[in-house]
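Here's the structure we're looking at; comments come further down.
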Amino acid sequence: MKKYILIRMYFSVCCGRTSTAYIERKQAVMKQLSDKDFTKSHALLRESNRCMVGGVSSPVRAFNSVGGRPFLAESGKGSRLRDVDGNEYIDYVLSWGPLAMGHAYPAVVEAVQKAMESGSSFGVTNESEIRLAERIAAQFKSIDLVRFVNSGTEAVMSAVRLARAFVGCDYVVKVEGGYHGHSDSMLVKAGSGLAARGIPNSPGVPNDTTKTTIVIPYNDLNAAKEVFDECGDDIACLIIEPLPGNMGLVLPDSGYLEGLRQLTKWSGSLLIFDEVMSGFRAHIPGAQQRYKVKPDITILGKVIGGGLPVGAYGGPAEIMAMMAPEGPVYQAGTLSGNPLAMAAGIATLDALLQEGVFASMESRMLDLCKGIKDAAKETGVPVYQTRVGSMGCTFFNESGVGNYSDAASSNTETYAKFFWGMLRRGVYLPPSQFETYFMSAAHTDADIDKTLQAACDTLKDL
Ligand code: PMP
């Protein structure tokens, strides 16, 4: 009980709820948004707080790191998200990445409706699983066989188990600020919601579990070498977002990923690329293709489910054959390979892989990021802009950002003001400095122009 009270105090300090800064931030937000009506959102939020923890189903949705109260979504169409009060936003969060073709893309809606008419779940293999697995294996040279699960978290947890069994030892190396979902061994110095709250680890994770997780800074090959020199024989795998998107978007230095590939190869450990976010966003099919580094196991999610719950992991037959029923490593799922998710994934990939679709998303993201950088320069606001494929991030940071500690030194107060200023002008960016924003194929040049006008006006106000 005592420990619980201490933890609660720790959280209220971490979230800054009691500080004057928090109250001031909140007042500034309310002032900025005085011309928007959030009556229905706030009424529903009061209700959701009565029956759901923190009023949300996932922490970042509470907007804690930008202060103020979140809106509730009513619907989405193309590049637009509409809240329950009828406010409309150009959406660059896109359900945190999956909606590569935009909200309610007609071919996805049709495919899901059709699948639903034939039954929502069977508990035996359905042809749609084969068709999506084939598409994934055709795109990723590193993948022969795929296993579908229901989320990125589940895919990571299973892939790490597979690596430990295959290599025959327990240690896992991860990167500081890298987020791989919320399984116990990955909740060490993680990014995303944990970075936004400034908490390195989660209470409730047994010390024994995290004892086998070694954390290294991103883009520091020497640090990785030291770890592998010291305990390479005990390392089952190195898991990494090759293009980290959960500490904001950070780019790999030239030679870094290749260096990790060599280190893992020499020590007989597996290299796992978590491409849940970067898959079909960093490039077609992912960061491994962009940076020409082949991992042993690839983890996917988000885009391959087109907005329905999905996760997957895959690799060469020799490794994947360790999984039950072929091999001894156990992992299962009542709804895994769900036909609705498979249908949405197939329709999304088929649309995204059409000639020119990804290239035009990429070039719109380039225009957007260049425009924000130029506007910041003009207004004298220091930003560090990153972009790869259809992913982007604006760090409010005077210097470059190459790892988590650089990202953490960004001005989160300014980001919060930027976020609310953009929202007020009809643009929805991620409600945290430590996230990535995304482009969809539904975004138009007019959307980019409107967004850049909003960015200019907001930056002037900062
Ligand atoms: N890995 C990465 C790289 C992610 O970005 C995420 C989610 N943002 C996850 C794993 C976890 O995926 P999920 O939320 O589907 O469990």
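The values are calculated or read from the model by the stated rules, or taken from the named source; none is laboratory data. All figures in this text were calculated on a predicted structure; none of them were measured in a lab. Positions of Cβ are backbone-derived with ideal geometry, glycine not excepted, and every protein chain shown enters the neighbour counts.
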Complete set of residues in the range 65-82 that are over 23 Å from Val108 (Cβ atoms) and under 20 Å from the mean Cα position of the chain (by Cα): Ser65, Val66, Pro70
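Kindly provide the set of residues from the range 305-330 that are closer than 18 Å to Ile272 by Cα and touching a Gly at 6+ places or on another chain (Cβ under 9 Å), ordered by number.
Applying the first criterion (closer than 18 Å to Ile272 by Cα) to the range 305-330 yields 311-323, 329.
Answer for the range 305-330, where residues must be closer than 18 Å to Ile272 by Cα and touching a Gly at 6+ places or on another chain (Cβ under 9 Å): Gly311, Ala312, Met320, Ala321.
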Per the filter on the range 52-77, residues more than 16 Å from the ligand (Cβ to nearest atom), buried (at least 20 other Cβ atoms within 10 Å of the Cβ) and not in a loop (DSSP other than H, G, I, E, B) are Asn64, Val66, Gly76
Residue selected from the range 83-105 under the condition of a type outside the set (A, V, I, L, M) and at positive phi, by the criterion farthest from the chain's Cα centre (by Cα): Gly86
Number of the condition not met by Gly402 [criteria: (1) farther than 22 Å from Asp253 by Cβ; (2) surrounded by fewer than 22 Cβ atoms within 10 Å (Cβ to Cβ)]: (1)
Identify all residues within the range 79-125 that are within 16 Å of the ligand (Cβ to nearest atom) and small (Gly, Ala, Ser); write none if there are none. Ser95, Gly97, Ala100
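Scan Met186, Met116 and give me the residue that is of a type outside the set (D, E, K, R), in the same structural domain as Thr264 (by TED's automatic domain parsing) and at pLDDT below 95.
Met186
Okay, residues lined up against (1) on the phi > 0 side of the Ramachandran plot; (2) without any contact (Cβ under 8 Å) to a residue 24 or more places away in the chain; (3) in a helix (DSSP H, G or I); (4) in contact with a Pro (Cβ under 7 Å, 6 or more places away or on another chain):
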{"position": "Ala341", "(1), (2), (3), (4)": "no, no, yes, yes"}
{"position": "Lys370", "(1), (2), (3), (4)": "no, yes, yes, no"}
{"position": "Val381", "(1), (2), (3), (4)": "no, no, no, no"}
{"position": "Gly400", "(1), (2), (3), (4)": "no, yes, no, no"}
Across (1) at pLDDT below 95; (2) surrounded by 24 or more Cβ atoms within 10 Å (Cβ to Cβ), Pro200 clears everything bar (2)
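Looking at Gly333, Gly345 in this structure, which one is within 16 Å of the ligand (Cβ to nearest atom), touching a helix residue (DSSP H, G or I) at 6+ places or on another chain (Cβ under 8 Å), modelled with pLDDT of 95 or more and closer than 16 Å to Phe140 by Cα? Can you show your working first?
Values: Gly333 fails: closer than 16 Å to Phe140 by Cα.
The conditions single out Gly345.
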So, in the range 383-398, exactly how many residues are free of Cβ contacts under 8 Å to residues at least 60 places away in the same chain, touching a Ser or Thr at 6+ places or on another chain (Cβ under 6 Å) and under 19 Å from Asp253 (Cα atoms)? 2
Search the range 215-259 for residues being under 18 Å from Asp274 (Cα atoms) and among the small types (Gly, Ala, Ser), and hand back the single one that is farthest from the ligand (Cβ to nearest atom). Gly259
Take Lys189 and tell me if it is away from the ligand (no atom under 16 Å from the Cβ) and either of a type outside the set (A, V, I, L, M) or over 15 Å from Ser405 (Cα atoms) (or both). no
Sort through Thr125, Thr39 and tell me the only one that's over 28 Å from Phe280 (Cα atoms) and surrounded by fewer than 18 Cβ atoms within 10 Å (Cβ to Cβ). Thr39
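Only one residue in Asp274, Asp229, Asp234, Asp208 is within 24 Å of the chain's Cα centre (by Cα) and either assigned by TED's automatic domain parsing to the domain that holds Ser158 or surrounded by 17 or more Cβ atoms within 10 Å (Cβ to Cβ) (or both). Which one? Steps first, please.
Details: Asp229 fails: within 24 Å of the chain's Cα centre (by Cα); Asp234 fails: within 24 Å of the chain's Cα centre (by Cα); Asp208 fails: within 24 Å of the chain's Cα centre (by Cα).
Exactly one of Asp274, Asp229, Asp234, Asp208 is within 24 Å of the chain's Cα centre (by Cα) and either assigned by TED's automatic domain parsing to the domain that holds Ser158 or surrounded by 17 or more Cβ atoms within 10 Å (Cβ to Cβ) (or both), namely Asp274.
Out of the residues in the range 280-305 meeting the condition of being of a type in the set (Val, Ile, Thr) and away from the ligand (no atom under 16 Å from the Cβ), tell me which one is farthest from Tyr256 (Cα to Cα).
Our first condition is that a residue be of a type in the set (Val, Ile, Thr); within the range 280-305, this holds for 284, 293, 297-299, 303-304.
Filter once more, keeping what is away from the ligand (no atom under 16 Å from the Cβ): 284, 293.
Numbers: Ile284: 21, Val293: 10 Å.
My answer is Ile284.
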Among the residues in the range 431-445, are any part of a helix (DSSP H, G or I) and farther than 22 Å from Ala282 by Cβ? yes
Filter the range 409-460 for residues that are touching a Cys at 6+ places or on another chain (Cβ under 9 Å) and under 17 Å from Ser79 (Cα atoms); which is surrounded by the most Cβ atoms within 10 Å (Cβ to Cβ)? Thr436
Which numbered condition trips up Met342, out of (1) closer than 21 Å to Asn150 by Cα; (2) aliphatic (A, V, I, L, M); (3) out of contact with any Asp or Glu (no Cβ under 6 Å at 6 or more places or on another chain)? (3)
